[in-house]
1. Longer than 32 Å from Cα to Cα, which of LYS115/LYS284; LYS115/LYS387; LYS115/LYS165; LYS115/LYS218; LYS218/LYS387; LYS149/LYS387 are they? Say none if no pair is.
2. Note the full-extension length gain between ALA17 and ASN225 as 0.36 nm times their separation in residues minus their Cα-Cα distance, in nm to one decimal.
3. Take peptides 261-273, 386-398 and line them up by average Cβ neighbours within 10 Å, highest first, as a rough protection proxy.
4. State whether the stretch 1-115 is rounded, prolate or oblate according to the following rule on the C-alpha gyration tensor (a ≥ b ≥ c being the square roots of its eigenvalues): a/c under 1.5 gives rounded; otherwise a/b larger than b/c gives prolate, and the remaining case gives oblate.
5. With +1 on each Lys and Arg Cβ and -1 on each Asp and Glu Cβ, how big is the dipole of the chain about its Cα centre, in debye rounded to the nearest 20?
6. For helix 370-384, what angle does its Cα long axis make with the longest principal axis of the chain, in degrees from 0 to 90 and rounded to 10?
7. Along the Cα→Cβ direction, 7 angstrom out, place labels at MET408 and ALA135. What is the inter-label distance in nm?
8. Rounded to the nearest 10 degrees, what's the angle between the helix 105-116 long axis and the longest principal axis of the chain, both from Cα atoms, 0 to 90?
Amino acid sequence: MQNDPRSHGLWERTAPAAPPTTALAGSVRADVVIVGAGYTGLSAALHLAESGVDAVVVEAVEIGFGGAGRNVGLVNAGMWVMPDQLVSTLGPVYGERLIELLGNAPRAVFDLITKHGIACEDERAGTLHCGVGEAGLRELEQRAAIWQKRGAPVRLLDARETAEKVGTTAYTGSLLDRRAGTIQPLAYARGLATAAIAAGARIFTGSPVQSASQTGTKWEVKTPNGSVTADWVLVATDAYSIGPWVRLRTEQVHLPYFNLATEPLSEAMQKAILPERQGVWDTKSVLSSYRFDRQGRLVFGSVGALRGTGTAVHRAWAQRSLAALFPQLGPVRFEAEWYGQIGMTSDNLPRFHRLDRNVIAFSGYNGRGIAPGTVLGRCLAQHITGKLPEAEMPLPNTPVETVSARAMREAVYEYGAQATHLVGARLPGRI
């Protein structure tokens, strides 16, 4: 997108074409105007349209331009934080609601994929959270105990079982979550958009919102060449927020994350590495993740930005890490590389905001955008149609609170990751 191969990399090269859209021109009316064509906005548009609500989506660039088109493609259940910690933070009512909603969120994603025939390379074999060292194994044991107590289909695997599923002896164990899986993330966003349009929603791209004003009971949202007048405004821009609701950006610290994709591996290597096609991430503080795409490319990523000195540092680190994890691979060549930004909140949990009268938003997915974005977009649609009162929302309405020293924290993420990767994975078997 925008002639930048490092913005969406492999996903843009292999996703089915987006549905035809144009920039907004002239004045249109709708029941709801949705700002942002990522998972949250597109899910909301689809569910609103299926309920007979006239929904218009305005997107600053293209469908899936933000985090929806750049992420790893892991469809995870829950958030980063432990379920019990989530309850401690949000309280028993909202905490339990959010755990229940997000625990079932991957199923909602896969159900939409099946219902609408979305071609997005979905793999439903689960994910593997892999433990590095004894500390990593203890963390996984704790996660397994908490989720199993709640009846979740997760299983703690020992080092031998993990080696069989991953193809490396580098890990002390892993947590297999059968609820989860992987998708081609940009293809999923484009599929949601196609389904929303088929249901009656209208999507305009290349239409950044410049202003929003209230006249009586209506909102008028203006773009460079047009405007939408609607009863409701859904703001679904999250970590890529600009324009009138840029303050959503100020409550998040951007953590850069990159991915590199190998050339398609041989059939023998695909049977030796992740033979069941789970997605993987590990317990390191500067974590790594990897998964296969449908054509057999190994997509390998970590914290960091592919710009400046980071490009060479992270690329070299990835080569060393793959050699340490999978020496059977031999030399590999990366045919695509890209990176994006993850919006991290102070407690690693999402937010629900009522920004003004009939202006609402969910944001702050903390690297878990696919499944939460899908189900929280559905929640926004249900709220507007009266099916989900605010008192029954999965999150309380909270004010936007700006994070202090945001620029400094973002620099620590970016350059700290470079420093870590400069020295990491130098010894055989070390990751």
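The values are calculated or read from the model by the stated rules, or taken from the named source; none is laboratory data. Because the structure is a prediction, the values reported are computed rather than measured. A quick note on method: Cβ atoms are made from the backbone with ideal geometry, for glycine too, and the neighbour counts reach across all protein chains shown. These area figures cover heavy atoms from the full protein model, side chains too; ligands, DNA and RNA do not enter into them. Shrake-Rupley method; radii C 1.70, N 1.55, O 1.52, S 1.80 Å.
1. Among LYS115/LYS284; LYS115/LYS387; LYS115/LYS165; LYS115/LYS218; LYS218/LYS387; LYS149/LYS387, the Cα-Cα distance tops 32 Å for LYS115/LYS284; LYS115/LYS218.
2. 72.4 nm
3. In descending order of packing, they fall as 261-273, 386-398.
4. oblate
5. In total the dipole reaches around 400 debye.
6. Value to nearest ten degrees: 20.
7. About 2.4 nm, to one decimal.
8. 70
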